[in-house]
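Have a look at the structure below, then the notes.
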Amino acid sequence: MRNFTFYSPTEFVFGSKTEEQVGKLLKKYGASNVMIHFGGGSIIKSGLLAKVEMSLQAEKIRYILFGGAQPNPRSGLVYQGIEICKNEKIDFILAIGGGSAIDSAKAIACGAKYDGDFWDFFDGSANIIAAIKIGVILTLPASGSEGSHRTVITKEDGMLKRGAGNEFIRPVFSIINPELTFTLPTYQTAAGIVDMMSHILERYLTRTLNVELTDRLCEATLISIIEAGKKVIKDPFDYEARATICWSGTIAHNGILGVGRTEDWATHQLEHELSARYDVTHGAGLAVMFPAYMQYALDVDINRFKRLAITVWGIEDNPKAPKTVALEGIKAMKGFFREIGMPTTFLEIGAQERDIDFLVDKLFQGKDDSFGAFKTLNREDAKAVYRLACE
Ligand code: NZQ
Ligand code: ZN
């Protein structure tokens, strides 16, 4: 195990009706002039926004509403939000929604404390050194952004999807009420399941030895997601299964499952190009890319894939044919993705094999010659993984 620092200071308030505490939590964190940032309107339709407004009014907290964050959130809205925060002297941003609303809020929060272009944080030319405090009410368990220090934004000019991260943008509190996820379309529920599983796999696929505890935590969380995932797809109102999915999504990405090891993140980078090019839902893109990546990276450590196949996917061991066992595991994962209604090929998400050169050009724009920690991928490798995703 490697040396590590684990610092994840978000206050998680979890369970039924917890959104009613939002006014009090904002007070606790010193908010007096709040921007409520959200997406395309699901929180208006569900009545959640009205409840939140009542809670803020009860605490006499001033607030403004700023909606419009779209899936794969865009830079244009971030620039607008930054202007509003500066003009209105906003001292707290409350993000309500899934990863897109939260990430958009995070980008606004750090951009509003910076004199330059906020995109500097995303192209690596500047570091985040301050941000307006952020709180979250989660409505979609998927991105883990409610507990992470990352934000992912798409720059409209050139359609570049890139991430930035720093402790300043980790939410100070996150309210997670599984009941708020009852209204999710099945497709979004399923995409969220794939996304959180991918966050674990990006950490599980490591070359670091002797990280047994985190390996087992990863496996236990994956098993829990698979079991609860099947239940929520069948019955969207299953509170206990929704609760398992919600908390799994958070711990999958707040850092605890990656401590003491190198993490990979190659598949996320491959997927972000699909989201940017085809505006595909992030989790759906991952359902296409993860089986392809695993197949490509299999030979790096067959035993790791074999262990995953046996422990998580229940494949029978065969000491004489470890590669077969490992491949069976990947097949089982692909089968699960299909079972919950996710695509697993390029064609199903509207991606084209003839676009691969374009995708790889964009992927390497502003980057080194290779990426990934588990298996180092150069341009030819990336093309090969995309080609496998066509099958
Ligand atoms: O916009 P509204 O109207 O709210 O509708 C949303 C949106 O259309 C809807 N939705 C959310 N909660 C709902 C609901 N509909 C009904 N009932 C509810 N309770 O779902 C749609 C998708 O929402 P979105 O926020 O886009 O989904 P998700 O949470 O999957 O976020 C995806 C974004 O997160 C980024 C992705 O790249 C992508 O841009 N990620 C962020 C990470 C981070 N910050 O650490 C890490 C992840 O790997 C990921 O890259
Ligand atoms: Zn993700």
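The values are calculated or read from the model by the stated rules, or taken from the named source; none is laboratory data. All figures in this text were calculated on a predicted structure; none of them were measured in a lab. Note: ideal-geometry Cβ built from the backbone for every residue, glycine included; neighbour counts use all protein chains shown. Just so you know, the surface numbers come from the protein's heavy atoms only, side chains and all, with ligands and any DNA or RNA stripped out. Shrake-Rupley method; radii C 1.70, N 1.55, O 1.52, S 1.80 Å.
In the list PHE305, PHE337, PHE358, which residue meets the criterion of being over 29 Å from ARG162 (Cβ atoms) and assigned to a helix (DSSP H, G or I)?
On inspection, the qualifying residue turns out to be PHE305.
Test of understanding: among LYS320, LYS331, which residue is open to solvent by 10 Å² or more (accessible area, probe 1.4 Å) and in a loop (DSSP other than H, G, I, E, B)?
LYS320
Just checking, which of VAL232, VAL259 is farther than 23 Å from LEU377 by Cβ and crowded, with 23+ Cβ neighbours inside 10 Å? Even if it seems obvious, please write down each step before you answer.
Working: VAL259 fails: crowded, with 23+ Cβ neighbours inside 10 Å.
Selected residue: VAL232, the only one of VAL232, VAL259 that is farther than 23 Å from LEU377 by Cβ and crowded, with 23+ Cβ neighbours inside 10 Å.
Would you check if ALA101 is touching a residue at least 40 places away in the same chain (Cβ under 8 Å), under 14 Å from the mean Cα position of the chain (by Cα), more than 25 Å from SER55 (Cα to Cα) and within 16 Å of ligand 2 (Cβ to nearest atom)?
Spelling it out, it is not the case that ALA101 is touching a residue at least 40 places away in the same chain (Cβ under 8 Å), under 14 Å from the mean Cα position of the chain (by Cα), more than 25 Å from SER55 (Cα to Cα) and within 16 Å of ligand 2 (Cβ to nearest atom).
Which of the helices (runs of 4 or more DSSP H) contained wholly in segment 3-60 include at least 2 residues that are within 16 Å of ILE134 (Cβ to Cβ) and over 23 Å from the mean Cα position of the chain (by Cα)?
The helices (runs of 4 or more DSSP H) meeting that bar are 22-28, 48-58.
Considering only segment 281-304, how many residues are open to solvent by 10 Å² or more (accessible area, probe 1.4 Å) and within 13 Å of ligand 1 (Cβ to nearest atom)?
Of the residues in segment 281-304, 2 are open to solvent by 10 Å² or more (accessible area, probe 1.4 Å) and within 13 Å of ligand 1 (Cβ to nearest atom).
For segment 123-140, what are the residues that are within 16 Å of ligand 2 (Cβ to nearest atom) and open to solvent by 10 Å² or more (accessible area, probe 1.4 Å)?
LEU140
Filter segment 148-169 for residues that are in contact with a Gly (Cβ under 9 Å, 6 or more places away or on another chain) and surrounded by 24 or more Cβ atoms within 10 Å (Cβ to Cβ) and give the result.
If the condition is that a residue be in contact with a Gly (Cβ under 9 Å, 6 or more places away or on another chain) and surrounded by 24 or more Cβ atoms within 10 Å (Cβ to Cβ), then SER148, THR151, VAL152, ILE153, ALA164 are the ones that fit.
Examine segment 267-276 for a residue that is on the phi > 0 side of the Ramachandran plot and not basic (Lys, Arg), and state whether such a residue exists.
no
In this structure, is ILE169 more than 11 Å from ligand 1 (Cβ to nearest atom) and either touching a residue at least 60 places away in the same chain (Cβ under 8 Å) or at positive phi (or both)?
Taking the combined requirement at face value, the residue does not satisfy it.
With GLY116, GLY111, GLY68 as the choices, which residue is out of contact with any strand residue (DSSP E or B) (no Cβ under 9 Å at 6 or more places or on another chain), at pLDDT 95 or above, open to solvent by 30 Å² or more (accessible area, probe 1.4 Å) and small (Gly, Ala, Ser)?
The conditions single out GLY116.
Only one of ALA389, ALA384, ALA373 is under 30 Å from ASP123 (Cα atoms), open to solvent by less than 50 Å² (accessible area, probe 1.4 Å), in a loop (DSSP other than H, G, I, E, B) and modelled with pLDDT of 95 or more; which? I'd like the intermediate steps shown before the answer.
Working: ALA389 fails: in a loop (DSSP other than H, G, I, E, B); ALA384 fails: in a loop (DSSP other than H, G, I, E, B).
The unique qualifying residue is ALA373.
Of the residues in segment 229-245, how many are within 16 Å of ligand 2 (Cβ to nearest atom) and hydrophobic (A, V, I, L, M, F, W, C)?
Total meeting the criteria: 1.
Does segment 186-210 hold any residues that are aliphatic (A, V, I, L, M) and either assigned by TED's automatic domain parsing to the domain that holds ILE134 or in a helix (DSSP H, G or I) (or both), and which are they?
ALA190, ALA191, ILE193, VAL194, MET196, MET197, ILE200, LEU201
Of the residues PHE92, PHE38, which is aromatic (Phe, Trp, Tyr), within 16 Å of ligand 1 (Cβ to nearest atom) and closer than 15 Å to VAL136 by Cα?
PHE38
Only residues in segment 142-164 that are within 17 Å of SER8 (Cα to Cα) and acidic (Asp, Glu) count as the first member; pair them with residues that are assigned to a loop (DSSP other than H, G, I, E, B) and away from ligand 2 (no atom under 13 Å from the Cβ), Cβ under 8 angstrom, at least 6 apart or cross-chain, and list the lot.
Correct list of pairs: GLU146/THR10; GLU146/PRO171.
Matching residues to (1) touching a Lys or Arg at 6+ places or on another chain (Cβ under 7 Å); (2) small (Gly, Ala, Ser); (3) near ligand 1 (Cβ under 9 Å from one of its atoms):
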{"position": "ALA105", "(1), (2), (3)": "no, yes, no"}
{"position": "ILE132", "(1), (2), (3)": "yes, no, no"}
{"position": "LEU140", "(1), (2), (3)": "no, no, yes"}
{"position": "SER145", "(1), (2), (3)": "no, yes, yes"}
{"position": "ARG150", "(1), (2), (3)": "no, no, yes"}
